[in-house]
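Working notes, structure below.
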Amino acid sequence: MPPIVGNLIVIALLAAVVALAIRSLWKDRRNGTHCTGDCSCCGGCHGSGHSHEPERGGDR
């Protein structure tokens with residue numbers, strides 16, 4: 001198999017993965033299930049224990 005065919009297969013697979021990721025992000029945004037980081041907008045993070053602040057470790 002010539003090297004160009006292998007390269008084309010890898011490029012096609014990468015393009016498919018990127019297309020699926022963009023499609024997933026687009027669908028989440030359209031359905032309103034994405035997190036914008038602005039908890040005053042949705043309030044979804046308040047009960048989940050999720051914080052947008054970096055965790056501080058150890059004794060400071």
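Coordinate-derived values only; no laboratory data. Being a predicted model, the structure only gives us computed values, none of them experimental. FYI the Cβ positions are ideal-geometry reconstructions off the backbone, even for glycines, and counts take in every protein chain you see.
Spacing of the modelled spin labels on Ala15 and Asn31, each 7 Å from Cα toward Cβ, amounts to 2.7 nm. Here the Karplus curve 6.51 cos²θ - 1.76 cosθ + 1.60, taken at θ = phi - 60°, turns the phi angles of the range 17-33 into couplings of 5, 5, 4, 5, 5, 5, 4, 5, 4, 5, 5, 4, 5, 5, 7, x, 9 Hz, with x standing for Gly and Pro.
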